[in-house]
1. For region C:1-123, build the convex hull from the C-alpha positions and give me its volume per residue in Å³.
2. Averaging the inverse of every distinct alpha carbon separation and then flipping it gives the Kirkwood radius. What is it for chain B, in angstrom units?
3. Excluding B:A208 itself, what net charge comes from residues whose Cβ is under 11 Å from its Cβ, given Lys and Arg +1 and Asp and Glu -1?
4. Roughly how many Å is it from the Cα centre of region A:171-199 to that of region B:134-190, as a whole number?
5. Short version: ³J(HN,Hα) in whole Hz for each residue of region B:195-207, in order, from phi by Karplus 6.51 cos²θ - 1.76 cosθ + 1.60 (θ = phi - 60°), x for Gly and Pro, what are they?
6. According to a simple spin-label model (label point 7 Å from Cα along Cα-to-Cβ), what is the distance in nm between B:R213 and A:Q137?
7. If amide hydrogens are placed 1.01 Å from N in the peptide plane, which non-local residues have theirs closer than 5 Å to the one on A:I297?
8. If you take every residue apart from A:D203 with its C-beta less than 13 Å away from the C-beta of A:D203, what net charge results, scoring Lys and Arg +1 and Asp and Glu -1?
Amino acid sequence: MIVKANRTCLVIAGLVLAILFVASLGVGADQATLADLWQGSGGIDLLAISRLPRTLAAILTGAGLAIAGLIMQAIARNRFVEPATAGTAQSAELGILLVTVAWPAASLGFKTLVASAAALLGTGIFLMTAHRLPPTQPFLVPLFGLVYGGVLGAAATFIAWQADLLQYLAIWSNGDFSGVLRGRYELLWIGAGLVAGAWLVADRLTIMALGREASIGLGIDYERMLQIGLVIIAVISAVTVVVIGIVPFVGLVVPNLVSRLMGDNMRATLPVVALSGAILVLACDILGRLIRFPYEIPVGTVMGVTGAVLFLLMLFRRPAHG
Amino acid sequence: MIEINGVSLAYDVTNILSDISVTIPKGGVTALIGPNGAGKSSLLALVARLQPLQSGAITMDGLSVASTPGKVLAKKMAILRQDNHLGSRLTVRELVGFGRFPHSRGHLTAEDRKVVDEALMLFDLDDLSGRFLETLSGGQRQRALVAMAYCQDTDYLLLDEPLNNLDMYFARDLMRSLRRIADERGKTIVIVLHDINYAGTFADRILAMRNGRIVADGRPDELITTDMLNTIYGFEIPVTTIDGRPVALPFR
Amino acid sequence: MIDRRLIILTLLAAVCAIAFLTLGLRGNLGFVLTLRATKLAALIEVGIAIAVSTVVFQTVTANRILTPSIMGIDALYLFAQILLVLILGGLAYATLDASLKFAIGIAALMILSCVLILPMLRGRLDMGLMLLAGVVLGVLFRSLHSLIARILDPNDFAVVQGMSYVNFNDVNTGLLALASLMTLCALVLVWRARHILDVVALGRDAAIGLGIDWTKTQVGCLLLVSVLVAVSTALVGPAAFLGLLFVALAERVVQSRRHALLIPAAALIAVIVLVGGQTLFQHALGNSSTLGVVIEFAGGIVFLILLWRGSRR
């Protein structure tokens, strides 16, 4: 019975994403409709160089961030944290900023590597601190994370100011798909790989969310899983920051909404979380393209509003139990 | 057989356990009793490798708890801790199913499902199996966790005050089930209990702890006497005999 | 009798003010001095507004790690302004008198904060939940602000960027007269209510027991805070953690939560940090535009420490 309901969720999410996928291919500043794309030969180029990569980038980003949030919530054992609002993304930002200052000519791959390392460090510090906050006050952890992210962001702003890199910082700190072209987004596929990896260890992640003792009792190498989880979170966040910029709230609201519908058995929910994340980000990107057509509003800004509203609703409309 | 040899535990300057050596043979129910802060839960946590050993050694059927891989030990022993707060939204059946993880690594076989069904039956959870944990009462949740530990189908079952949150009916029911699986399936059960009369009724052997040491060790009828209880708890407890069993009356 | 510590703080503040006015004077003395004096007045005003509003807000919320900005009140002011643009249209807004815009902004803020913040206070929510909701509300208004800014003028990225951090270099001196008046009024009110605030600090139940009209006092305090926040935000922009830094320092210095001591101490420390810091950054470090970021950074750290310590107690 439950299995069937879960399958329904998956099918619905898949259908919605498919519709948005087609819609996303049809919307853009250059007025080419889907019909034009089909007929004209120039249209195919447009599709292949700009719109398809952009759509794929949004899907990969959304799925990746939602899964990163899911894993972070399992590790922190707190529903209200996610990488983009708890210092991970800001650490990545700081990392790429520092490597850009120190070695401007470094390749994008190297910069991503440094950003990932910084994100790993920043998330590690956050989680170490979060585990020491009293579990009786679950709201302190996300609050701590928000301000921790803010402090890291202030440090980044200061450095960028001194190094005259504020414009770069603005690109990294506000997610935007308008710059996505073929050849400039492929790093995001790393995220897809990590999502698949998370799917393989989904059972272990579910058990991890039950706590350290329950995990050890069931024979899971808790420390190793912690490291794996951290790496997934850090790399997904870093790649997103480098290619797209920070997109807030995806990792927060999507896992929570799915959890309310389907529970926390990640073997069942993980694919739905990934699809829903993709849906949310793609929908916000399409919205951003349409609100002030033909100008574009960055997805980070749209998501800031949508995500904050959803988050507030979540905070005040909790289910009757727990 | 669980062999505990020279185990000590200290945080900062406080000694939690001092040089404990004891052997728990295979089979039967062994109860750990003692006043608050005696170190019962700590000892159990060390046996269950939830905390690293500071000194001494613990082996289980010859396997060192410190060096044997967690995967192997998870098929050897299951542990139920006091803290039954779970943040996850899982159904009872899903949770109990995770008890099969050490065997199936997540892919439940028909055999696994049979064990899960059996555990749900045994602990009276079949009506609740589709409910999410957070909608259950404390006692129901406790039973779900016991069922999960049972599902692990291990030779050894370690339980830290499993009667917390249970009313009289389910407390007795749980103890009877434990007794039965010890008798019928030869499981070894080590259980921390607060109520000495439950220990007296259901255990084969009682280990009494105080101030981080084992102060008494023996059959219920040897342990539950006014003198012994005075050594363990530090106050006078009248003991009477009902149906040939000693019953402590620590009420007046 | 005036507290000795307050005298020392006053002297320090005076030294900072004089240094700010006189260091490195060059060129047309009259012109430079007038310019600097105006800026000094604005900085002092901002400092006082932030410090006093934070003290009052902490007292009325019975929470020592809150500032009005953490609860998103300054973001609310910016949001009110942009809402005005949206309603009036860009051109009408641009031609509107600055003081009038300011006044409308304050009125809008007072209404909005009563509608949004008051229910949260009255719901007696868990402190953590309230803080979290406030921070997210702040994020929401900031995002809404930049969203609307982009809708209005898709090519102007400066609008969005300029408002993310407080900037003391670029003081909006046009509103100084009106702002001074409002700060002064607020200051007089707070000072007269200092003993009432001491009672309010005991908490709702105790205060009611001692004969305070709780609702009236709570609303009054919140309105006062709104005015002060509007003043500082209008002059220099949003400053999330500044107030926290000032009040935490002031508590250290006077070792008391009595408002007769705490309010002047916090205000003086604010002046010392802002004016002194600005002088230091301008003359010693040669870059004054980053002072806001640095103070915000320090304030954020203070917040984390307070949160950490408070939760471990």
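No lab work stands behind these numbers, since they all come straight from the coordinates. As the structure is a prediction and not an experimental result, all values here were calculated from the model. Note that each Cβ is placed from the backbone with ideal geometry, even for glycine, and that neighbours are counted across all protein chains shown.
1. Numbers: hull volume 21.6 nm³, N = 123.
Given the Cα convex hull of region C:1-123, per-residue volume reads 176 Å³.
2. Details: mean 1/r = 0.0530 Å⁻¹.
Taking every pair of different Cα atoms in chain B, averaging 1/r and inverting gives 18.9 Å.
3. Working: positive: B:K40, B:R205, B:R210, B:R213; negative: B:D217, B:E222.
Value of the local net charge: +2.
4. Taking the Cα centre of each part, region A:171-199 and region B:134-190 sit 48 Å apart.
5. 8, 5, 6, 5, 4, x, 7, 10, 8, 8, 8, 10, 10
6. Taking the two extended label points, one gets 4.1 nm.
7. Distant-sequence amide H within range of A:I297: A:R289, A:R292.
8. Details: positive: A:R204, A:R267, B:R100, B:R105; negative: A:D264, B:E94, B:D112.
After counting each charged neighbour, the total is +1.
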